[in-house]
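Report on the structure given below.
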Amino acid sequence: MGSTVKKSALRDYDYATWFEIPALDIDRATGFYNEIYGINMDVTATSEFVMALFPATKGIGGAVVVGPGCVPSSVGPLLYLNGGDDLDNVLSKVDAAGGRVVMSKTLISEKAGYFALFMDTEGNRLALHSKN
């Protein structure tokens, strides 16, 4: 049988600690995310991987990654990115930046807020979330 975990302890965890969005073209991918978020991602490289880091000073960070095993996909787990105060501010830039809106801003519930789905320039299906 499975291990026993105190239920109260589970509420103390951020279940995600880091994310990576696979890409085929680091310049195209960073251009897309820089455009929709109005940011400048720092790019770093190892012998096998190139990573563009989302600028995060608190909370969960992540990167766009090019390298072995980094294959963009429109299926599989769905990553929800922060849409800020109103996800329409980010979503409205997706098409012009080379992506495609798959589902416009949709109410989940008054308590949970809103979400929208989009495809990035690399072929990844991603979501945005905001409370408003």
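For the chain, the relative contact order is 24 percent, taking Cα pairs closer than 8 Å that sit 6 or more residues apart in sequence and dividing their mean separation by the residue count.
Taking the Cα centre of the chain as origin, work out the dipole magnitude from +1 charges on Lys and Arg Cβ and -1 charges on Asp and Glu Cβ, in debye rounded to 20. Intermediate results must be reported in sequence, preceding the final value.
Details: 11 positive and 15 negative charges, 124 e Å.
Roughly 600 debye, rounded to the nearest 20.
The convex hull of the Cα atoms of the chain, projected and averaged over all directions, covers 10.4 nm². Applying 0.36 nm per residue to the separation of residue 17 and residue 43 and subtracting their alpha-carbon distance, the gain on full extension is 7.4 nm.
Extending 7 Å from Cα along the Cβ direction at residue 127 and again at residue 25 yields two label points whose distance is 2.9 nm. The H on the amide N of residue 21, modeled in the peptide plane, is under 5 Å from the matching H of 63, 64, 65, each at least 5 residues off or on a different chain. This ranking places 15, 37, 80 by how few other beta-carbon atoms lie within 10 Å of each, fewest first, which gives 15, 80, 37. Residue 120 sits among other residues whose Cβ lies under 10 Å from its own Cβ, and their net charge, with Lys and Arg +1 and Asp and Glu -1, is +2.
For the chain, the 222 nm mean residue ellipticity estimated from helices alone, with every DSSP H stretch of n ≥ 4 adding -39500 (n - 2.57) and the total spread over all residues, rounds to -3500 deg cm²/dmol. With the simple model of a label 7 Å out from the Cα in the direction of the Cβ, residue 106 to residue 57 spans 3.5 nm.
Any read-out appearing in this document is the output of simple, stated calculations on the displayed coordinates, not a laboratory observation. Given the structure is predicted, the values throughout are model-derived calculations rather than measurements. So basically every Cβ, Gly included, is an ideal-geometry build from the backbone, and we count neighbours across all protein chains shown.
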